[in-house]
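Participant: The structure's right below; bear with me while I get my questions together.
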Amino acid sequence: MIPFFTAAHVERAVPPERALEAVREAFVAYARGEWTMPSKVYVPAYPAGDFRAMPALGGGHALLKWVTSFPGNPARGLPTVSGIVLLSDATTGALVAALDAASVTAIRTGAAAVLAAETLGRADAESAAVIGCGVNGIATARSFRAAGRPVLVWDVDAARAHAAAALIGAEVAASRGAALAADLVATVTPGREILLGEGSLRPGQHVSLMGADGPGKAEIAVGELGRVRVFCDSWDQASHGGELAAAVDAGILRRGDVTELGAVLAGEAEGRRSDDEATAFDSTGLAIQDLAVALAALERVGELGDLPQIPV
């Protein structure tokens, strides 16, 4: 028998404060070559959505996340993201835990967005905003709150924005433009609409781009990526299936133009260079982040007396 962490158990085991620490440690371990991560495999089921298989190895464990992205599901009363995370002992190969994939994804997405914002934003940044109040957007807003920041939220669905604000103790922005004007912005949308056109980021502003995690998605104009300082979670993923892909294909960005966040956190690369620099972080979602959250949950297994057990 092994423990199964439902969504509620994952959220109880890994609060945003712990997720920020865990994801930071994972980025550094990966940058230093201590953790490994084979390429994410996409199994397209377009136009409906896709399946993704994401493996990682580190911290004495191996992980595989089998997860979906079906953007039309909410209209059917179904979640956009669903799946399972399997965690194994890297010494024996024994399966040690299973976790709800959607909750793991949301927690690490929020942590990565805010970690990038806090690392790359101006030291005197005052305002923060999240565009998109789905599950991942709520997790991102919670992570900003855990980092000690008040946060504005905005969504195309005003009722959803107000519900999210009430849930997490945030304020609803007066408009999308007002949210996009914050010092630190996280866009957590389905990636079907350009939110930031060319010339839109002002000097010193930072945006964490979390929605464009697959082919054909974008939240920022290609020309704007060529104008600002660009960072990403993984060049290999982002340059082929993330926000950067179109800019790379157009010849606007090359490998030397983009810095991986993990290298900055590990002290191996330069982050923000001046208060006037506008920065953008492209997140495609890494299995090492899922592994970090899964290991953090496993640390609390003895404290969660109501964990379901499943046979293996």
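The values are calculated or read from the model by the stated rules, or taken from the named source; none is laboratory data. Computed from a prediction, not measured in an experiment: that's the story for all the values here. We place every Cβ from the backbone using ideal geometry, glycine too, and count neighbours over all the protein chains shown.
Participant: Only one residue in Glu224, Glu198, Glu268, Glu219 is more than 30 Å from Pro150 (Cβ to Cβ) and touching a residue at least 24 places away in the same chain (Cβ under 8 Å), so which one is that?
Facilitator: The unique qualifying residue is Glu268.
Participant: Restricting attention to region 261-282, which residues are closer than 22 Å to Ala125 by Cα and either in the same structural domain as Val23 (by TED's automatic domain parsing) or outside any loop (DSSP other than H, G, I, E, B) (or both)?
Facilitator: Passing the criteria: Leu261, Gly262, Val264, Leu265, Thr279, Ala280, Phe281, Asp282.
Participant: Regarding Ser143, is this residue assigned to a helix (DSSP H, G or I) and polar (S, T, N, Q)?
Facilitator: yes
Participant: Give region 31-48 a look and list any residue that's polar (S, T, N, Q) and under 18 Å from the mean Cα position of the chain (by Cα), or say none.
Facilitator: Ser39
Participant: So, one more: Which ones in region 219-240 are buried (at least 22 other Cβ atoms within 10 Å of the Cβ) and in a loop (DSSP other than H, G, I, E, B)?
Facilitator: Hits for region 219-240 are Glu219, Asp233, Ser234.
Participant: From the list Glu219, Glu193, Glu243, Glu224, which one is over 14 Å from Phe281 (Cα atoms), of a type in the set (D, E, K, R) and assigned by TED's automatic domain parsing to the domain that holds Ala182?
Facilitator: Glu193
Participant: Here's another thing I want to ask about it. So, in region 31-72, of the ones that are among the hydroxyl-bearing types (Ser, Thr, Tyr) and part of a loop (DSSP other than H, G, I, E, B), which residue ends up surrounded by the most Cβ atoms within 10 Å (Cβ to Cβ)?
Facilitator: Restricting to residues being among the hydroxyl-bearing types (Ser, Thr, Tyr) and part of a loop (DSSP other than H, G, I, E, B), the top hit is Ser39.
Participant: Checking Val248 against (1) free of Cβ contacts under 8 Å to residues at least 12 places away in the same chain; (2) aliphatic (A, V, I, L, M); (3) touching a strand residue (DSSP E or B) at 6+ places or on another chain (Cβ under 6 Å), only one condition comes out false. Which one?
Facilitator: (3)
Participant: Further, regarding this structure: Gly204 versus (1) outside any loop (DSSP other than H, G, I, E, B); (2) out of contact with any helix residue (DSSP H, G or I) (no Cβ under 8 Å at 6 or more places or on another chain): which is the lone unmet condition?
Facilitator: (1)
Participant: Every residue in region 98-131 that is within 24 Å of Ala159 (Cα to Cα) and more than 10 Å from the chain's Cα centre (by Cα), please.
Facilitator: Ala102, Ser103, Ser127, Ala128, Ala129, Val130, Ile131
Participant: Let me ask something additional. Do you know which residues across region 220-232 are in contact with a strand residue (DSSP E or B) (Cβ under 7 Å, 6 or more places away or on another chain) and either at pLDDT below 95 or not acidic (Asp, Glu) (or both)?
Facilitator: Within region 220-232, Ile220, Ala221, Leu225, Val228, Arg229, Val230, Phe231, Cys232 qualify.
Participant: How many residues are among the polar types (S, T, N, Q) and either in the same structural domain as Phe144 (by TED's automatic domain parsing) or out of contact with any strand residue (DSSP E or B) (no Cβ under 7 Å at 6 or more places or on another chain) (or both) when one looks only at region 1-38?
Facilitator: 0
Participant: Only one of (1) more than 23 Å from Glu243 (Cα to Cα); (2) out of contact with any Cys (no Cβ under 8 Å at 6 or more places or on another chain) is not met by Ala163, so which one is it?
Facilitator: With respect to (1) more than 23 Å from Glu243 (Cα to Cα); (2) out of contact with any Cys (no Cβ under 8 Å at 6 or more places or on another chain), Ala163 is out only on (2).
Participant: Go through Gly285, Gly262, Gly211, Gly204 for me and flag whichever is buried (at least 21 other Cβ atoms within 10 Å of the Cβ), touching a residue at least 60 places away in the same chain (Cβ under 8 Å) and on the phi > 0 side of the Ramachandran plot.
Facilitator: Gly285
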